[in-house]
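Below is one structure, written out as structure tokens; comments come after it.
Any read-out appearing in this document is the output of simple, stated calculations on the displayed coordinates, not a laboratory observation. Computed from a predicted model, the values in this text were never measured in an experiment. With ideal geometry, Cβ positions are generated from the backbone for all residues, glycine too; neighbour counts draw on all protein chains shown.
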Amino acid sequence: MIVGFLLCIFAIGTAELLVSGLLPQIAASMQVSVASTGQLVTAYALGVVVGGPLITVLTARMPRKGLVLGLVALFIAGSLVSAAATSYGLLVVSRVLAALSQGTLYAISLVVVTAVVPPERAGRAIAIVVSGLTVATVLGVPLGALLGQAFGWRTPFLAVALIAAAGGAVLAVAMPRTPASATGARSELRVLARRPVLLAITTTAVGFAGVGIVLTYLVPLLTEVSGFSGGAASALLLAYGVGSLLGNLAAGRLTDVSPLMTVRIVFLGLTVVLATLPFAATWQPTTFVAVLAFGLLATATIAPLQGLLLQHAADAPTLSVTVNVSGFNLANAFGAALGGGIVAAGALRWNGLAGATLALAGLGLSWLAMSRTATAPQEA
């Protein structure tokens, strides 16, 4: 069953970023500018941010297996329409259609896999599901770009649809049938309103934005400040992705020991690494070390924060986890926008300091969230 979710999350994670590697081909095919084509990424993100919580509320009482298979079918349909789109407008609609499934499907996958493993292995189960997104960044997006260059930009969309179909087939066989949830939309909203849950989601949105500021403009930093060639910068980006995968899996194990310790260590480490990056970036050996350290820490916040949410929203967790997924998307969007402003001001090298400030704010918020959870009442 976990394999089925992993395949689906990998497909969705690849589709989310796929357009970034296909911008010139799509722009030429649709006869629009590259800047307009880039808005397909924004359309997808908005579909996740708005559609995820909305679909979660509307489907709160649906049986989980039927809902999961329906969401996978929705993603496949959106991807197939993207592959067949003959106009820019239809391509935008198809991207939003595919995005609507992401938040709820991701949340249900975390809830389901943690329910079928012993409590002491919940963090590792979360990390395995999250690794689907990490592997999508490391392998899915570059392979999608290569596939698009070799066979046309429509082929990668067909590929992610096939991968999602394979994952859906596994889930159709392996996922047990469960009755409709006893908790409705009102219970989900009450749980979401709990102070510890809101603080954890805010920690995600603020702290992870520090990653987005630096990651979005990491390649220009490596080429323009550190002096790496384009090929070397791409290799370092791959090393960053591998580090993210390893850091995420390690954080999953540490989350099973102590989510409090894990999230604080990670945010503290991120603050230090991002604060030193502007100074490390002036010499290639120190840049290499800083990028590897950044990779190890960048996604290591996800497992402990999701674990915290599942722990304190256990009686109705789906909406809270879905909103947290939206928090990651908002963090990426805000980080990219803020980093872009800094770059436009001619201060590319100093993006790390802004990222460190947000990571430090995430550390403070996590401390507050953890403190509150120790004493907060857990009424539904």
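Just a few scattered comments:
- Summary of the geometry: region 122-199 and region 249-306, compared by the centres of their Cα atoms, lie 24 Å apart.
- Within the chain: Cβ-based charge dipole about Cα centre, in debye rounded to nearest 20 (Lys, Arg +1; Asp, Glu -1): 540
- Most fluctuating residue given options Val93, Val32, Val19, as computed from a GNM of the chain linking Cα atoms under 10 Å: Val32
- Here the Gaussian network model covers the chain, with springs between Cα atoms less than 10 Å apart; of Ala15, Ala281, Ala347, Ala347 fluctuates the most.
- Placing +1 on each Lys and Arg Cβ and -1 on each Asp and Glu Cβ, with no other charges, gives region 2-182 a dipole about its Cα centre of roughly 340 debye.
- Membrane-span-like helices of the chain, defined as complete DSSP H segments with a Cα extent of 27 Å or more along the helix axis and a mean Kyte hydropathy of at least 0.5, are identified as 34-58, 64-84, 154-174, 230-257, 259-280, 318-344, 351-375.
- Extension gain, Glu120 to Thr223, is 32.7 nm, computed as 0.36 nm per intervening residue step minus the present C-alpha separation.
- Dipole-positive endmost among Ser94, Ala331, Gly167 within the chain (Cβ charges, Cα centre): Gly167
- Cα gyration tensor shape of the chain, rounded if a/c is under 1.5, else prolate or oblate by comparing a/b with b/c: oblate
- Here the ratio of the Cα radius of gyration of region 98-147 to 2.2 N^0.38 Å is 1.37.
- Between Gln39 and Phe151, the contour length at 0.36 nm per residue exceeds the Cα-Cα span by 38.0 nm.
- Mean-square fluctuations from a GNM of the chain, with a 10 angstrom spring cutoff on Cα atoms, peak among Gln31, Gln149, Gln311 at Gln31.
- Percent of Cα-Cα distances greater than 29 Å, calculated over region 2-182: 20
- Listing Val138, Val323 from fewest to most neighbouring C-beta atoms within 10 Å gives Val138, Val323.
- Among Thr202, Ala28, Val57 - extreme Cα towards positive end, dipole of the chain, charges at beta-carbon: Val57
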